[in-house]
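J.: The structure is given below, and queries will be raised subsequently.
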Amino acid sequence: ESSMRPRAARQKQVLLAAFLWRAAGKATVLSNNGLHEYMTEATAHCYKQLLADPMCCKDQRVAPAVRQKDIVRSGAAWTCGGIGTPNECIDEGKGERGSDAFWWPQDADCSTPRILYVHGGGWQRHGPREASYDVFGAYLAQVSGSTVLVPDYPLVPVGNYEAILGYLVAAWGWLSQHGPDGEDCSRAPVPPMFVAGDSSGAASALSLLLMFLDRGDLPTPAGFLGFSPWINLACDSPT
């Protein structure tokens, strides 16, 4: 995703990496080619600080009063294979995938609002338990008072646009029929449902929203929430 952004955006990334590098006690001028290595060093420094003092990073602590369960839906399994395999996948989460993450407040029931959250990562990386999405999902459930489902959709090149969108449609259908702890709520009125996401995930969430406007067989989202949505795939805007 970042490699497709305009030069100005990449320069901002380098400046951010430079700040993190200096914060780690280094004083080296960064180049575009060395961005990944410097970010890795900075991340390693922060991780050491976290090990020394777990209280230094509140965002790594799962929200209290929230419950979590892994959801395995029929037909949702896919494989993230190693380089050179038929299911080659560049994400670090190798092996059998397709288990969605589900969070809900302790007092939730079938009338509790529901959120389908699509994680980012340029459609090539991450999952519902990577890159702190587990922590974020828990806090989103706590702050919004909603159940939150984060699907583990098939990453590119295992999946493509149609496969990812189809996976999200199926996840939306499941969420419309289930409440906290995966409880069958099909006999109860469907509460307000929202679709959300960040970066490339927000783009997929928006595609899902637009598709639902033309369909009548699934509940229409009550709203959309996007964090830094990647909605200009041409990457030709000034920001």
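J.: Of everything in segment 143-156, what is surrounded by fewer than 18 Cβ atoms within 10 Å (Cβ to Cβ) and either among the β-branched types (Val, Ile, Thr) or within 17 Å of Gly127 (Cβ to Cβ) (or both)? Give them in sequence order.
T.: Within segment 143-156, just Val143 meets the criteria.
J.: Shifting gears a bit: Which residue, of Asp184, Asp152, is within 30 Å of Leu233 (Cβ to Cβ), among the acidic types (Asp, Glu) and modelled with pLDDT of 95 or more?
T.: Of Asp184, Asp152, the one residue that is within 30 Å of Leu233 (Cβ to Cβ), among the acidic types (Asp, Glu) and modelled with pLDDT of 95 or more is Asp152.
J.: For segment 86-114, which residues satisfy the criterion of being touching a helix residue (DSSP H, G or I) at 6+ places or on another chain (Cβ under 7 Å), assigned to a loop (DSSP other than H, G, I, E, B) and of a type in the set (A, V, I, L, M)?
T.: Passing the criteria: only Ala108.
J.: List every residue pair whose Cβ atoms lie under 8 Å apart, where the two residues are 6 or more positions apart in sequence or sit on different chains, the first residue falls within segment 209-232 and is closer than 19 Å to Val190 by Cα, and the second residue, located anywhere, is part of a loop (DSSP other than H, G, I, E, B) and of a type in the set (A, V, I, L, M).
T.: If the second residue must be part of a loop (DSSP other than H, G, I, E, B) and of a type in the set (A, V, I, L, M), the pairs left are Phe212/Leu218; Pro219/Val190; Thr220/Leu213.
J.: Considering each of Gly173, Gly179, Gly159 in turn, give the residue that is surrounded by fewer than 23 Cβ atoms within 10 Å (Cβ to Cβ) and touching a Cys at 6+ places or on another chain (Cβ under 8 Å).
T.: Sole residue among the options that is surrounded by fewer than 23 Cβ atoms within 10 Å (Cβ to Cβ) and touching a Cys at 6+ places or on another chain (Cβ under 8 Å): Gly179.
J.: So which residues in segment 182-202 are surrounded by fewer than 21 Cβ atoms within 10 Å (Cβ to Cβ), out of contact with any helix residue (DSSP H, G or I) (no Cβ under 8 Å at 6 or more places or on another chain) and not in a loop (DSSP other than H, G, I, E, B), if there are any at all?
T.: If the condition is that a residue be surrounded by fewer than 21 Cβ atoms within 10 Å (Cβ to Cβ), out of contact with any helix residue (DSSP H, G or I) (no Cβ under 8 Å at 6 or more places or on another chain) and not in a loop (DSSP other than H, G, I, E, B), then Gly182, Phe194 are the ones that fit.
J.: Keeping to segment 61-85, report how many residues are assigned to a strand (DSSP E or B), out of contact with any Pro (no Cβ under 8 Å at 6 or more places or on another chain) and of a type in the set (Lys, Arg).
T.: The total comes to 1.
The values are calculated or read from the model by the stated rules, or taken from the named source; none is laboratory data. Predicted model only: the values in this text are computed from it and were never measured. Note that each Cβ is placed from the backbone with ideal geometry, even for glycine, and that neighbours are counted across all protein chains shown.
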